[in-house]
Amino acid sequence: MSKKFEVTILGVNSAFPVHGRHPSCQIVNFAERLYMIDCGEAAQIQVAKYKVKRNKLDHIFISHMHGDHCYGLPGLLTSFALGGRTEPLFLHGPTGIKKFIDVIIEVSGAYMPYDLNIKEYDTETCNNIPLTSNLKVTTFPMKHRIPTMGFRFQEIITGYNINPTKIKEYDLSIDEIKAVKSGGNLKRLDLVIDNSDLIISPSNPRSYSYCSDTVYDLELVPYILDSSLLYHETTYLSGLETIAGERFHTTLGQAINIAQRSNIDNMIIGHYSSRYPDVNVFLDEGLPLYSGLKLGIEGSTYEV
Ligand SMILES: [Zn+2]
Ligand SMILES: [Zn+2]
């Protein structure tokens, strides 16, 4: 059975909280460990509201330092401290995030009883961040008004699953099972059985790509290619390409084009402009063009 791999949206509005929506924040659950992506102002309120298990959250990824993606950090990090957290926490973000956090901790006299490991990345290049033996994150460059990166959460499938009927058929010994599981062929006196005849072919590794604030950018395609699920910002409906370009954001039609060119069948959208009180207009426009469109809704969970 494959491991749990899903995304819960906690914040989905652009700029400020309005229409009952909040700035960007998501939780990735992979095998019951949680990873936060962006930490908009309402993050800790949403974490409480949707009962996110804080003790399973060890890594936070920040795409860029615009307030609607990181102003939730001071409250969340100091609440961890007040809650008596002792487990280390890893905060991954662009250059500048360490200064931002250090100043807040210093001027507010916050006591941090846990190790806060802040890792800054060059947003102009890709960076590999190993998380577990089955999951890694790769950052990739995005084009926005300030240095910005996207994240690809990539499942890693290790080892081979042996077909149980073949164990019986060939009466495999423990050593033979070990050899087949590590990719070897079965060698008997007068025959060699190819490994591929003995294993259950592994399912395709799943991946979730997160494209934070960005201008319409076809250079993203190779970084997110073949993802099982994509999040791409859609600040505006189609027709507002000029405004979107000027503000380094994307329209729905442009995001759909990116998903289709990247061979991605499922896309969550969000970062809606405050000009849209009802975001169902995004579904009305997008679904006829792209059947895998999923409206990002706070509190909703999407399988990768
Ligand atoms: Zn934003
Ligand atoms: Zn931004």
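All of the numbers you see were taken from the coordinates with simple rules; none came from a lab. Since we're looking at a predicted model, the values are computed, not measured. Please note: Cβ atoms are built from the backbone with ideal geometry, for glycine as well, and neighbour counts cover all protein chains shown.
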Any idea what angle helix 97-108 forms with the longest principal axis of the chain, computed on alpha-carbon atoms, 0 to 90 degrees, nearest 10?
60
With a sphere of radius 13 Å drawn around the Cβ of Tyr272, what net charge do the other residues whose Cβ falls strictly inside it have (Lys, Arg +1; Asp, Glu -1)?
-4
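Just list whichever of Lys166/Lys187; Lys4/Lys56; Lys136/Lys178 have alpha carbons separated by over 22 Å in the model shown.
Going by Cα-Cα distance, Lys136/Lys178 fall outside the 22 Å limit.
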Once you put a point 7 Å from the Cα of Val18 and another 7 Å from the Cα of Ile157, both along the Cβ direction, what distance in nm separates them?
4.5
For region 20-121, which trypsin sites (Lys or Arg not before Pro) are both in a DSSP coil and crowded by at most 12 other Cβ atoms within 10 Å?
Lys51, Lys53
Within a 10 angstrom radius of the beta carbon, how do Ser203, Ser209 rank from fewest other beta carbons to most?
Ser203, Ser209
Alpha-carbon centroids, region 68-141 and region 241-260: separation in whole Å
29
Per the helix-only model, the chain has a calculated mean residue ellipticity at 222 nm (DSSP H runs of ≥4, -39500 (n - 2.57) each, divided over all residues, rounded to the nearest 500) of -6500 deg cm²/dmol
Antiparallel bridge percentage (DSSP; both residues within the chain; nearest 5):
60
Using the Cα centre as the reference, give the magnitude of the dipole from point charges on the C-beta atoms of the chain (Lys, Arg: +1; Asp, Glu: -1; all else neutral), rounded to the nearest 20 debye.
640
Counting only residues 5 or more places away or on other chains, whose amide H sits under 5 Å from the amide H of Ile37 once H atoms are built in the peptide plane?
Gln26, Ile27, Val28, Phe61
Loop GluC sites (Glu not before Pro), region 99-201 (other Cβ atoms within 10 Å of the site Cβ: 11 or fewer; DSSP):
Glu124
Starting from the Cα of Arg275, move 7 Å in the Cα-to-Cβ direction to define the label point; list residues of region 1-22 whose amide nitrogen is under 16 Å from there.
14-16
